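This report refers to the structure that appears directly beneath it.
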Amino acid sequence: MKGLCALALLTLAAHAERIVISNDDGWAVAQIRAQFNALVEAGHDVILSAPAENQSGRGGLQIPATPLLVSCEFDSCPAGASKGNNASDPRLNWINAFPADGAQYGIQTLAPRLWNGAAPDFLVSGPNVGLNTGIALPFSGTVGAAGKAVQLGVPAVAFSGVSTAQESYNALAVTPASATVAAAKAYTTLASAFLDALFAQPAAQPAYLPAGVLLNVNLPALNDTCTPARVAWVLTRGFPVLLGNPDVVTCSNGGRLPTEGDVVNSGCYASVSVINATTKVDVGKSLQQDVLNRLVNLGLSCI
């Protein structure tokens with residue numbers, strides 16, 4: 001099913017959630033700030049907890065937070081500190097460590113502090129600047145942050161998009177918008193629609209996603225012919241299927257899901273893969289079916 005009109009109606013039915021948002025590109029890039037703004041505007045209670053600087057390619061690695069030797073990206077945080085927040089908004093936080101550390105800091109330290117002891121309902125990682133498909137999955141900090149959240153008991157989705165440029169969040173206020181900012185805002189439209197559908201799913205336990213898995217979502221290049229309203233969602237897998245290890249049967253696929261790389265590069269399609277949060281490889285067909293049932297409101301398409 002193409003189009004976001006039906007998904008937009010789900011916003012009214014979706015619950016307001018406590019969401020931690022992280023990434024691997026850094027806390028000050030336009031992409032994460034645009035997504036933060038969109039989630040807040042949708043009525044969610046959101047805490048941003050991300051690396052002080054670009055930490056792409058760190059996977060799920062973790063290190064202790066260390067004082068910055070110089071100011072971090074876009075001069076957005078001072079030298080000499082290892083953690084900090086926006087002076088006017090304590091919901092916007094950075095830590096001088098890796099993406100998985102940013103997720104953990106948000107879940108274990110910031111959430112109970114800012115939500116009076118309450119835990120997050122969900123973690124959003126990204127949207128990343130650039131795709132994370134196939135062989136990139138174990139090395140992706142975007143996926144690593146989402147995987148750490150799941151390991152800590154918080155369901156998570158990692159979003160990535162084809163756009164390849166990074167720009168400061170200050171560019172969000174500039175008119176006319178740069179190509180980077182336009183892409184960032186378009187991807188937030190898609191990610192927000194996806195989350196609306198996920199949050200409006202029929203009741204299930206555990207909430208939102210099965211334990212131990214994350215969703216890896218890759219968004220296509222957007223242009224005049226592939227707008228957010230035209231993007232179709234396709235259930236995929238990260239790696240080619242192995243013999244004797246069939247996938248869930250959908251779209252008359254005979255138990256063989258397409259790979260996310262093939263799908264997102266074939267046109268106006270977004271890939272949705274169900275990944276083991278620890279190993280970063282595809283899960284089996286029973287867990288794929290569980291997630292497929294939970295995404296009933298998304299309107300998954302065939303390719």
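When each of Gly3, Gly59, Gly80 is tested for being out of contact with any Cys (no Cβ under 8 Å at 6 or more places or on another chain), at positive phi and modelled with pLDDT under 95, the lone residue that passes is Gly3. Taken over segment 218-257, residues that are within 17 Å of Arg294 (Cα to Cα) and either out of contact with any Ser or Thr (no Cβ under 7 Å at 6 or more places or on another chain) or among the polar types (S, T, N, Q) (or both) amount to 6.
Please return the ranges of strands (runs of 3 or more DSSP E) entirely within segment 34-109 where 2 or more residues are crowded, with 22+ Cβ neighbours inside 10 Å. It would help to see each step written out before you state the result.
Numbers: elements: 45-51, 83-86, 89-95.
The strands (runs of 3 or more DSSP E) meeting that bar are 45-51, 89-95.
Being farther than 17 Å from Ser56 by Cα and either in contact (Cβ under 8 Å) with a residue 24 or more places away in the chain or not acidic (Asp, Glu) (or both) narrows it down to one of Ala156, Ala146, so name that one. Write out each step before concluding.
Working: Ala146 fails: farther than 17 Å from Ser56 by Cα.
Going through Ala156, Ala146 in turn, just one is farther than 17 Å from Ser56 by Cα and either in contact (Cβ under 8 Å) with a residue 24 or more places away in the chain or not acidic (Asp, Glu) (or both): Ala156.
Within segment 194-211, being surrounded by 15 or more Cβ atoms within 10 Å (Cβ to Cβ) and part of a loop (DSSP other than H, G, I, E, B) holds for Ala200, Gln201, Tyr208, Leu209, Pro210. Take segment 110-129 and flag every residue that is outside any strand (DSSP E or B), in contact (Cβ under 8 Å) with a residue 40 or more places away in the chain and not aliphatic (A, V, I, L, M). Correct list: Trp115, Pro120, Asp121. If the condition is being part of a loop (DSSP other than H, G, I, E, B) and touching a helix residue (DSSP H, G or I) at 6+ places or on another chain (Cβ under 6 Å), then segment 247-261 contributes Asp247, Val248.
Out of Thr164, Thr175, Thr259, which single residue is modelled with pLDDT of 90 or more and among the β-branched types (Val, Ile, Thr)?
Working: Thr164 fails: modelled with pLDDT of 90 or more; Thr175 fails: modelled with pLDDT of 90 or more.
When all the criteria are applied, what remains is Thr259.
Residues are listed down the side, and each one gets a yes or a no for (1) outside any loop (DSSP other than H, G, I, E, B); (2) among the small types (Gly, Ala, Ser); (3) buried (at least 23 other Cβ atoms within 10 Å of the Cβ):
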site	(1), (2), (3)
Ile135	yes, no, no
Thr142	yes, no, yes
Ala149	yes, yes, yes
Thr164	no, no, no
Thr175	no, no, no
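The values are calculated or read from the model by the stated rules, or taken from the named source; none is laboratory data. What you see is a predicted model, and the numbers here were worked out from it, not measured in a lab. Because the Cβ atoms are built from the backbone with ideal geometry, glycine has one as well, and the counts that use them run over all protein chains shown.
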